[in-house]
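Participant: Below is one structure. I have some questions about it.
The values are calculated or read from the model by the stated rules, or taken from the named source; none is laboratory data. Small disclaimer: the values here were computed from a predicted structure and weren't measured. Here Cβ is always computed from backbone atoms with ideal geometry, including for glycine, and neighbour counts include all displayed protein chains. Accessible surface areas use protein heavy atoms only, side chains included; no ligands, DNA or RNA. Shrake-Rupley method; radii C 1.70, N 1.55, O 1.52, S 1.80 Å.
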Amino acid sequence: MTPDELAAELVAGRIRPAYLLAGAEPLLRDDALAALRAAVLAGGPADFDLDRLEGDGATPGQLADALRTLPMLAPRRLVWLREPPGGRGAWKALAEALPELVRSQPPDPQAVLVVTAGPADRRLAWVKAFQTEPAALVACEAPTQPRELAAFARREAKRLGVTLAAEAIDDLVERVGSHLLRLRGAIEKA
């Protein structure tokens with residue numbers, strides 16, 4: 001699934017029980033996480049209904065407990081697990097527990113699991129768990145082709161309420177390149 005497909009699902013009201021936001025582009029991961037946070041918490045405060053666990057320090061038991069905790073002020077809870085760079089610390093135990101935790105999530109959960117990670121090896125069992133319905137793997141890879149970058153720039157301009165001619169978008173893409181954060185900043189300045 002792409003970040004655009006995720007956004008379309010969330011607009012349509014579909015919230016899955018588990019998501020893996022994986023890829024080399026942090027801007028796309030952050031945007032996807034923000035969209036999930038808004039959809040899952042539905043405007044409710046994050047103080048009570050958002051758990052953020054660090055993969056190098058959390059245990060499988062803590063993650064399971066967070067997923068079983070009932071929401072307080074929002075319709076659902078958001079349980080966010082961040083994979084540590086290099087898979088260090090307690091990550092090995094979490095990676096071993098994730099497939100069962102993802103499978104045990106009910107289709108209409110009271111707590112939604114979101115794991116954010118850099119590029120993920122799709123052959124690993126914990127990554128495969130997110131590739132099976134109803135869970136989802138959201139590929140957060142930056143576009144590299146000029147046409148894809150121009151499409152990203154058009155979507156960003158529309159989202160920001162900025163009107164740019166096609167030539168201006170092509171010029172921005174040519175000057176800025178594939179660095180999405182810089183491209184977004186250039187569009188904001190326009």
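Participant: Restricting the stretch 116-126 to residues that are in contact with a helix residue (DSSP H, G or I) (Cβ under 9 Å, 6 or more places away or on another chain) and not hydrophobic (A, V, I, L, M, F, W, C), which is surrounded by the most Cβ atoms within 10 Å (Cβ to Cβ)?
Facilitator: Within the stretch 116-126, the match that is surrounded by the most Cβ atoms within 10 Å (Cβ to Cβ) is T116.
Participant: Looking only at residues in the stretch 173-190 that are over 26 Å from the mean Cα position of the chain (by Cα) and touching a residue at least 12 places away in the same chain (Cβ under 8 Å), which one is surrounded by the most Cβ atoms within 10 Å (Cβ to Cβ)?
Facilitator: A190
Participant: While we're here: Could you list, in sequence order, all residues of the stretch 12-49 that are in a helix (DSSP H, G or I) and over 11 Å from the mean Cα position of the chain (by Cα)?
Facilitator: Within the stretch 12-49, A38, A39, V40, L41, A46, D47, F48, D49 qualify.
Participant: Which pairs have Cβ atoms under 8 Å, sit 6 or more apart or on different chains, and link a residue in the stretch 149-172 that is of a type in the set (S, T, N, Q) to one that is open to solvent by less than 10 Å² (accessible area, probe 1.4 Å) and at pLDDT below 90?
Facilitator: Within 8 Å, the pairs are T163/A157.
Participant: While we're on this one: Picking from L50, L28, which residue would you name as being in contact (Cβ under 8 Å) with a residue 12 or more places away in the chain and either among the polar types (S, T, N, Q) or open to solvent by 30 Å² or more (accessible area, probe 1.4 Å) (or both)?
Facilitator: Matching residue, one of L50, L28: L50.
Participant: Does R122 satisfy the criteria of being of a type in the set (K, R) and either closer than 24 Å to L78 by Cα or touching a Lys or Arg at 6+ places or on another chain (Cβ under 8 Å) (or both)?
Facilitator: yes
Participant: Among the residues of the stretch 66-115, write down those that are open to solvent by less than 50 Å² (accessible area, probe 1.4 Å) and part of a strand (DSSP E or B).
Facilitator: Once the filter is applied, which keeps residues that are open to solvent by less than 50 Å² (accessible area, probe 1.4 Å) and part of a strand (DSSP E or B), the stretch 66-115 yields R77, L78, V79, W80, L81, A111, V112, L113, V114, V115.
Participant: Further question on the same structure: If you check R16 against the conditions, is it open to solvent by less than 40 Å² (accessible area, probe 1.4 Å), closer than 23 Å to E133 by Cβ and not hydroxyl-bearing (S, T, Y)?
Facilitator: So R16 fits the description; yes.
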